[in-house]
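The structure under discussion appears below in the form of structure tokens.
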Amino acid sequence: MINPIDIEDQNHGGSSYFHNGKLVDELAKEKGMDKVKANIYSFNIQSQRMFKAVGFTQTDDEWFECDIC
């Protein structure tokens, strides 16, 4: 599991798509993952918008996915 939100990057828009200085999709590729899933509470509209902005699609009330190419 990769937590895409580094605590020091919260509330800084797209920079939250980093984990320990690496783009989440690069880290997912290194781990051999073909998809990244995110569970975002339905009340957290700010995070939902950020994930959609970086290419995630909403698959359920609180679930978002992004295919890794």
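A few remarks follow.
- Across the range 46-55, computed HN-Hα scalar couplings (Karplus, 6.51 cos²θ - 1.76 cosθ + 1.60, θ = phi - 60°) run 4, 5, 4, 5, 5, 5, 4, 5, 9, x Hz from first to last residue, x flagging Gly and Pro.
- Residue ranges 29-38, 44-53 sort as 44-53, 29-38 when ordered by packing (mean number of other C-beta atoms within 10 Å per residue, highest first).
No lab work stands behind these numbers, since they all come straight from the coordinates. Bear in mind the structure is a predicted one, so any value in this text is a computation, not a measurement. Ideal geometry is used to build each Cβ from the backbone, glycine not excepted, and the neighbour counts take in all protein chains shown.
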